[in-house]
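Taking it in order: structure first as structure tokens, then the write-up.
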Amino acid sequence: MAGLQPVRGTQDLLPDAARRHRQVSETARAAALLYGFDEIVTPIFEFTEVFARPIGEHTDIVAKEMYSLEDRGGERLSLRPENTAGVVRAVLSNGLTQSTPLKFFYSGPMFRYERPQKGRFRQFHQIGVELLGVAQAQADIEVIALGQRILNALGIGERVVLELNTLGDPGSRAAYRGALVSYFSSRRSELSEDSQRRLDANPLRILDSKDAGDIRINSDAPAFDQYLNDDSRDFFAQVRDGLDRLGIEFRLNPRLVRGLDYYTHSVFEFVTTDLGAQGTVLAGGRYDGLVSLMGGPEMPGVGWAGGIERLAMMIAEPSTPKRPVALVPVGEAGEALALTIAETLRSEGFAVELGYSGNLSRRMRRANRVNARAAVLIGDDEAARNVVTFRDLDSGEQEEVPMVASYLPELVRRLKALDA
Ligand code: ATP
Ligand code: MG
């Protein structure tokens, strides 16, 4: 029954996993608000062109990983593989370019046709932030500080390392690209097949290759450092100084280039060794050319995205929800009363599990299975006497408490004392 299997690379988030995901996204959202980043929600699909040119025709994402389709109206659409292009599209569509700086937080599903493995899925989820309209290094520093704060708040700040590099401004980048092309061309036949293709399209990406032969060739490649012009060098120094001032540790990684075409200046990744090969949990950079590339005005930007699945694997077990109170009616009069009592208790803030059917012992088993803190038993006899039986399920003690209509002040007092 192939139809009953989830699609390869997708997964159901059962309640425990969903709770972990929510812990990540809510922690991030709360931290983002402290920096003035408000939430934006854009569609999960866009016209294919929203992604294709900005991300780059020759990047892995666009060349190999996009889920694209033609809809019934003949429109070419793609599921979003990342959200920066979508956010910029939203800024342009909504005419927000006059009100900079713009600061956005997002959280939601992304889609890439990749080989699924631990920490790598075809539908995955990202948190992310974008800061548009600020050319100063301050923006890079704040955006990185926010990433670090979120990792700290999730309790994993000590288990990740911030790696940092610069790609310089477009002039520096072009000079470096030229140097790389001539170096790699001289060793073309030694490169992996993938990297031979990258050589024409996206030579910087070769530095990012996981192929053992490529890695050897990369170790002799010219370093970016020599090709940075003074402005780019100065900008990078400002970013590093700012991070130093905030006590944010980083490791310079001259091989860090990132997959997308639109990055300039700062690029960074928060990396852990805890997750095997899929060690990057949060990554981003500055993308000063992106807005104009997409048809908007010249507008600088910087941002990052974090993988919720990878972060969720690293955090401690989130606290479970409050233990419920089980209502256990026995007999018809009890059943009728149970519904009203359940509502009364919920209004008081208790989580209430209603035993829907079965005899007393079956309903008590159910109460144990949902880990109820207390049970409230309502038999016909009790209903006739206007009482209910309150049972502390941890201690096993029980006693009758009075009921006036469905008003149960004494019961509420006792439940509150249990902190159920
Ligand atoms: P990788 O090198 O692991 O493929 P990437 O450079 O393609 O990552 P980005 O586009 O920078 O990833 O996305 C930011 C973050 O989103 C990554 O650091 C990672 O945590 C997460 N991520 C990316 N792709 C996936 C995926 N297929 N499944 C799960 N998480 C992912
Ligand atoms: Mg990838």
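Which of the residues spanning the range 165-224 are at pLDDT below 90, buried (at least 21 other Cβ atoms within 10 Å of the Cβ) and among the polar types (S, T, N, Q)?
Asn202, the sole residue that qualifies.
Kindly provide the set of residues from the range 40-86 that are closer than 21 Å to Tyr287 by Cα, in contact with a helix residue (DSSP H, G or I) (Cβ under 8 Å, 6 or more places away or on another chain) and open to solvent by 80 Å² or more (accessible area, probe 1.4 Å), ordered by number.
The answer is Arg53, Glu57, His58.
Among the residues of the range 29-44, how many are in contact with a Leu (Cβ under 7 Å, 6 or more places away or on another chain), within 27 Å of Leu79 (Cα to Cα) and outside any loop (DSSP other than H, G, I, E, B)?
Going through the range 29-44 one residue at a time, the tally reaches 1.
If a residue has to be within 16 Å of ligand 1 (Cβ to nearest atom) and in a helix (DSSP H, G or I) to count, how many in the range 312-340 make the cut?
3
Could you tell me whether any residue of the range 398-420 is of a type in the set (A, V, I, L, M), open to solvent by 20 Å² or more (accessible area, probe 1.4 Å), assigned to a loop (DSSP other than H, G, I, E, B) and farther than 19 Å from Gly349 by Cβ?
Yes, the conditions are met somewhere in the range 398-420.
Taking the range 264-295, which residues are more than 10 Å from ligand 1 (Cβ to nearest atom), touching a Phe, Trp or Tyr at 6+ places or on another chain (Cβ under 8 Å), under 23 Å from Ala201 (Cβ atoms) and not β-branched (Val, Ile, Thr)?
Within the range 264-295, His265, Arg286, Tyr287, Gly289, Leu290, Leu293 meet the criteria.
Please work out if Gly289 is open to solvent by 10 Å² or more (accessible area, probe 1.4 Å), without any contact (Cβ under 8 Å) to a residue 60 or more places away in the chain and not acidic (Asp, Glu).
No.
Report whether or not Asp194 is under 19 Å from Asp60 (Cα atoms), among the acidic types (Asp, Glu), in contact with a Pro (Cβ under 8 Å, 6 or more places away or on another chain) and within 16 Å of ligand 2 (Cβ to nearest atom).
It is false that Asp194 is under 19 Å from Asp60 (Cα atoms), among the acidic types (Asp, Glu), in contact with a Pro (Cβ under 8 Å, 6 or more places away or on another chain) and within 16 Å of ligand 2 (Cβ to nearest atom).
Conditions: (1) part of a helix (DSSP H, G or I); (2) under 17 Å from Val129 (Cα atoms). Asp16 meets all but one. Number of the miss?
Result: Asp16 fails condition (2) only.
Hey, any hits in the range 247-261 for a residue that's hydrophobic (A, V, I, L, M, F, W, C), part of a strand (DSSP E or B) and open to solvent by less than 10 Å² (accessible area, probe 1.4 Å)?
no
Name every residue in the range 1-17 that is within 16 Å of ligand 1 (Cβ to nearest atom) and of a type in the set (A, V, I, L, M), in order of residue number.
Listed by number, the residues that qualify are Val7, Leu13, Ala17.
Suppose we filter Glu353, Glu309, Glu298, Glu343 for residues that are part of a loop (DSSP other than H, G, I, E, B) and either in contact (Cβ under 8 Å) with a residue 24 or more places away in the chain or surrounded by fewer than 16 Cβ atoms within 10 Å (Cβ to Cβ) (or both); which single one remains?
From the options Glu353, Glu309, Glu298, Glu343, the qualifying one is Glu298.
The values are calculated or read from the model by the stated rules, or taken from the named source; none is laboratory data. In this text, all values refer to a predicted model and were calculated from it rather than measured experimentally. Backbone-built Cβ (ideal geometry, glycine too); neighbour counts: all protein chains shown. Accessible surface areas use protein heavy atoms only, side chains included; no ligands, DNA or RNA. Shrake-Rupley method; radii C 1.70, N 1.55, O 1.52, S 1.80 Å.
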